[in-house]
Amino acid sequence: MAFANTNLPHYTYTLNQCDEIYLASIRPILRGERPLHPDDPVWIGDVASALTREITLAEEHITRLQAHCDAARQHLALYHSAVAPIRRLPRDILVSIFELTFHEDYLPTDVGKPPWTLGQVCRSWRDIVVSASSLWAIVKYNARHDTRDTVTEIMQEYLRRSEQHPLTVVLEGEYHAPVYNLILKESHRWKLLYVGSIDSSFASCLSSIPGSMLQLEQLYIIEAEDDCNVFLPAPRLKRFWVPDYAGLCSLPSIAHVTHYAAQLKISDNILSESLSPSLITCYISLCDSSPPDAQSAPTFIHNSHLKVLEVWDGFALLNKLMLPALTTLCIDGYEDVPPTAASIIQAFIQRSSCSLTTLILRHNAHNDIAYACLHLPGLESLIHLDFTFPVDELEVYCQRNCSAFGSARIFPRLSTLTVTFEDDGHRQNPAKRDVPSWPAFMKALEERHAAGRLETFRIVQMRKVPSWIIEDLVALSQRSGLCVEYITPPVQRGLFCGREFWTSDFWDSL
């Protein structure tokens, strides 16, 4: 780009060339010292015209100077760009940076967003983007959001650029044959599959593809019919999350699965070490909680590898389990809690001889269970306690637990306490005067923290926690240094409905 002409003329301000006669004549007129003579407008007009010409020439001069500066800036930017640090970055580093440009609303068929737009910056970036198969390895499609006629061609080109890279596939909405068939043909490259629902069309099409799902490691299905068996031949499947599906109950083994979530019958032994030797994390929802025959001798299911367990309405299942390696236990559900709930938990812990570090109690009868568990032996290793109770039962909770949390003998290693105030929208939040035991509970927390036995107190807001609770906890934190966290949970509250169940790569891809 050529620079603007630098041989610019130099103009002087006309007023400097004015004769003092003119200036001397103007001053008296402006000061009202003499009237305006008939011939004054003539010479005043001549001077005004000269000054107007000077202004016009000066503005033209400024315009040429501005063009000169703009051209210089453009050249300067090119010279700086030539030595910019990003040009010295290795190709693999650039690809990693490009991968960070994907957002939650990212769709492969949107050519107005990365990775498509990254190739429009320069020729070098285009060569990198087109040849980097990892940038084209996240396949998301929702038939409800994209109905264009060109979507099939765009998806075909997208999949072509992914070459043979393992794919993360996210399918939502109704079955859309043209696009789905393209994605199904690449099922031998699926590494992670997230599907909103499985119907017979999807399952039959997938089952007809030979050699499919050879690389599938993670499977997440929101709504499943009796077609999930089509995924079970996957030799690398490690994470199986289909919480509404009971089809695996009849399988002889899931030996390669490490993370498992599905429905289970009380008579099934799928958790036994002989059938599931690799299982370390499990979410179980009982689809048949009928008690076993009272006349038969109890048979326990043993698994020495399982570390994390969540049971939904599963007290009957706890009666059968022996899990010596268990570190995290979550109890959730809607059914009525049996009167022996606390003793069932105590018997399970003693029978398993496990060292629990995290105990999460999210059952409807949370307050009673929580109170009973505070006094159970065998929980000396507990580091994190998490439980839920109705907000209108705050006084009952404080009365029951003040002495427990103030005692050094109960949960001596506890460092994190999480409390969820549950409100169904119909209960009246209590006023501070209605909770006379609250100050004693605050004092117990402060004393436990001062003794080095509590580091973090978390409040989970389901609807609206009374403001006076937040104010008192903030004051406690400022006064004692106790870390107080106020968080809002996701819509799904299950332990493994969050990031704990899946790898971070999966959630980042969504």
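The values are calculated or read from the model by the stated rules, or taken from the named source; none is laboratory data. Keep in mind it's a predicted model, so treat the numbers as computed, not measured. Here Cβ is always computed from backbone atoms with ideal geometry, including for glycine, and neighbour counts include all displayed protein chains. To get the accessible areas, we keep the full protein, side chains included, count just its heavy atoms, and leave off ligands, DNA and RNA. Shrake-Rupley method; radii C 1.70, N 1.55, O 1.52, S 1.80 Å.
Would you be able to tell me the number of residues in segment 165-197 that are of a type outside the set (S, T, N, Q) and under 19 Å from H259 (Cβ atoms)?
9
Would it be correct to say that K140 is open to solvent by 50 Å² or more (accessible area, probe 1.4 Å), within 30 Å of S197 (Cβ to Cβ) and outside any helix (DSSP H, G or I)?
Judged against the criteria, K140 is not a match.
State which residue pairs qualify: first residue within 18 Å of Q263 (Cβ to Cβ) and open to solvent by 50 Å² or more (accessible area, probe 1.4 Å) and inside segment 301-323, second residue part of a strand (DSSP E or B) and among the acidic types (D, E) in any location, beta carbons under 8 Å apart, and separation of 6 or more residues or different chains.
Here the result reads W312/D332, each pair linking segment 301-323 to a residue that is part of a strand (DSSP E or B) and among the acidic types (D, E).
Kindly establish whether H68 is out of contact with any helix residue (DSSP H, G or I) (no Cβ under 9 Å at 6 or more places or on another chain), modelled with pLDDT under 90 and not small (G, A, S).
The answer is no for H68.
Would segment 104-116 turn up any residue that is among the aliphatic types (A, V, I, L, M), outside any helix (DSSP H, G or I) and at pLDDT below 80?
Yes, because at least one residue in segment 104-116 is among the aliphatic types (A, V, I, L, M), outside any helix (DSSP H, G or I) and at pLDDT below 80.
Hey, among the residues in segment 174-196 that are farther than 19 Å from P235 by Cα and in a strand (DSSP E or B), which one's least open to solvent (accessible area, probe 1.4 Å)?
Checked segment 174-196; the qualifying residue least open to solvent (accessible area, probe 1.4 Å) is V195.
Taking P439 as the residue in question, decide whether it is assigned to a loop (DSSP other than H, G, I, E, B) and either at pLDDT 75 or above or under 26 Å from T327 (Cα atoms) (or both).
no
Could you list, in sequence order, the residues of segment 408-422 that are open to solvent by 20 Å² or more (accessible area, probe 1.4 Å) and assigned to a loop (DSSP other than H, G, I, E, B)?
A408, R409, I410, P412, R413, S415
If a residue has to be open to solvent by 50 Å² or more (accessible area, probe 1.4 Å) and in contact (Cβ under 8 Å) with a residue 40 or more places away in the chain to count, how many in segment 103-134 make the cut?
Qualifying residue count for the region: 2.
Give segment 30-50 a look and list any residue that's in a loop (DSSP other than H, G, I, E, B) and open to solvent by less than 90 Å² (accessible area, probe 1.4 Å), or say none.
Listed by number, the residues that qualify are G32, R34, H37.
When you go through R73, R27, R87, R53 one by one, which is the residue that is part of a helix (DSSP H, G or I), within 30 Å of Y158 (Cα to Cα) and open to solvent by 100 Å² or more (accessible area, probe 1.4 Å)?
Unique residue meeting the criteria: R87.
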